[in-house]
Amino acid sequence: QAKDAGRNTFRFFDPSMNESVAEHLHLAAALRSALGTPQLELHYQPQIELASGRIIGAEALVRWRHPELGPISPAHFIPVAERSGLIHDLGAWVLHQACRDAQHWRTQGFADLSVAVNVSALQFRRDDFEREITQALATSGLPASALEVELTESLLMADAAYITNTLQNLASRGVRIAIDDFGTGYSNLGYLRRFAVHRLKIDQSFVRRMTSDPQDEGLVRAIIEMGRCLNLQLVAEGVEDAPTLTRLRQFGCDAGQGFHWSPALPAPAFLDYLRTHTPSVA
Ligand code: C2E
Ligand code: MG
Ligand code: MG
Ligand code: MG
């Protein structure tokens with residue numbers, strides 16, 4: 001993990017495994033007061049179409065820089081936000097900010113870009129989630145088709161009727177649905193046929209080991225083939241080097257993201273990245 005953090009622009013506070021209740025309350029209070037301040041920022045990681053090398057979109061990833069503790073990993077504070085109920089305000093802010101930023105890039109000459117937003121199961125299950133999406137799209141001017149919602153497999157295992165309904169409504173408006181960390185949840189894959197899902201994001205734990213472990217490579221290949229049979233787009237997460245990219249292309253994976261191209265960048269740096277990595281149409 002230390003090696004991973006070193007390659008990113010952020011160094012994360014170590015959650016040290018023995019988080020006490022007091023620590024949780026302390027962090028939740030600190031997070032509440034960070035909402036609406038520059039301590040919280042969205043960073044954007046480019047998503048690349050493998051066949052063309054074109055940037056097709058970005059995943060929004062939230063960053064929190066605590067004034068004393070420094071950067072805290074979302075893997076650590078998102079669960080805190082979920083347990084304290086702050087996830088609703090935090091999630092709404094992420095959604096609105098991501099739509100605003102994406103609409104800004106689109107007006108800066110990158111009209112095809114889409115943005116992917118991670119949505120916590122708690123946030124998705126709230127009955128005002130659809131209204132929140134509507135508001136974020138309306139206030140930003142971002143077309144629904146440029147927004148992708150990333151959900152985890154575990155969400156799709158429960159409460160099927162309500163979830164099917166919400167997914168159908170979102171899909172009918174043009175919002176795309178991606179399954180994040182695909183392959184890590186225990187799942188009855190039947191949900192892939194029942195639900196309006198557009199993309200599978202192959203979990204980075206398989207992708208990162210695929211060139212050194214034939215079994216991981218086999219899993220990645222099988223997921224790609226299954227996804228293709230179901231007419232889903234495949235995105236590989238955690239692409240860190242050229243050999244991995246070559247294999248993914250051979251297997252017919254559609255898109256990728258990872259340190260091979262770029263870590264998540266602050267919004268202005270992401271716009272610079274777009275400018276320097278998009279061939280100008282002369
Ligand atoms: P995720 O959605 O699966 O995001 C991918 C994670 O992998 C990100 O970590 C990203 O920085 C990291 N990553 C990308 N490329 C590479 C690579 O090539 N190598 C390695 N080692 N890592 C790579 P991050 O930003 O720390 O986020 C961790 C998790 O926190 C996310 O996993 C997501 O589940 C959650 N998260 C982040 N932002 C949000 C948010 O706005 N809302 C919610 N609900 N969850 C979020
Ligand atoms: Mg994600
Ligand atoms: Mg993931
Ligand atoms: Mg994840």
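Examine the stretch 48-68 for a residue that is touching a helix residue (DSSP H, G or I) at 6+ places or on another chain (Cβ under 6 Å) and among the polar types (S, T, N, Q), and state whether such a residue exists.
The answer is no, given that none of the residues of the stretch 48-68 is touching a helix residue (DSSP H, G or I) at 6+ places or on another chain (Cβ under 6 Å) and among the polar types (S, T, N, Q).
Examine the stretch 190-209 for a residue that is more than 15 Å from ligand 4 (Cβ to nearest atom), surrounded by fewer than 21 Cβ atoms within 10 Å (Cβ to Cβ) and among the β-branched types (Val, Ile, Thr), and state whether such a residue exists.
Among the residues of the stretch 190-209, not one is more than 15 Å from ligand 4 (Cβ to nearest atom), surrounded by fewer than 21 Cβ atoms within 10 Å (Cβ to Cβ) and among the β-branched types (Val, Ile, Thr), which makes the answer no.
Given the criteria modelled with pLDDT under 95, surrounded by fewer than 17 Cβ atoms within 10 Å (Cβ to Cβ), farther than 24 Å from residue 278 by Cα and away from ligand 3 (no atom under 16 Å from the Cβ), does residue 167 qualify?
So residue 167 fails the test.
Please indicate, with yes or no, whether at least one residue in the stretch 71-94 is of a type in the set (Asp, Glu), assigned to a helix (DSSP H, G or I) and in contact with a strand residue (DSSP E or B) (Cβ under 7 Å, 6 or more places away or on another chain).
no
Restricting the search to the stretch 52-80, which residues are under 25 Å from residue 109 (Cα atoms) and either of a type in the set (Ser, Thr, Tyr) or within 16 Å of ligand 3 (Cβ to nearest atom) (or both)?
52, 57, 58, 59, 60, 61, 62
Is it the case that the stretch 130-150 has a residue that's of a type in the set (D, E, K, R) and more than 24 Å from residue 61 (Cβ to Cβ)?
Among the residues of the stretch 130-150, at least one is of a type in the set (D, E, K, R) and more than 24 Å from residue 61 (Cβ to Cβ), which makes the answer yes.
Just give me the residues in the stretch 154-186 being of a type in the set (Gly, Ala, Ser), within 30 Å of residue 208 (Cα to Cα) and more than 15 Å from ligand 4 (Cβ to nearest atom), in sequence order.
Correct list: 158 only.
Which of (1) surrounded by fewer than 12 Cβ atoms within 10 Å (Cβ to Cβ); (2) at pLDDT below 75 does residue 15 not meet, given it meets every other one?
(1)
Determine the pairs where a residue that is crowded, with 24+ Cβ neighbours inside 10 Å, located within the stretch 90-108, has a partner that is polar (S, T, N, Q) with Cβ atoms under 8 Å apart, the partner being 6 or more residues away or on another chain.
Pairs that qualify, where the first residue is crowded, with 24+ Cβ neighbours inside 10 Å and the partner is polar (S, T, N, Q), are 91/120; 91/123; 99/139; 99/140; 102/114; 102/140.
The values are calculated or read from the model by the stated rules, or taken from the named source; none is laboratory data. None of these values were measured; they are calculated from a predicted model. Cβ coordinates were reconstructed from backbone atoms using ideal geometry, including for glycine residues, and neighbour counts include every protein chain displayed.
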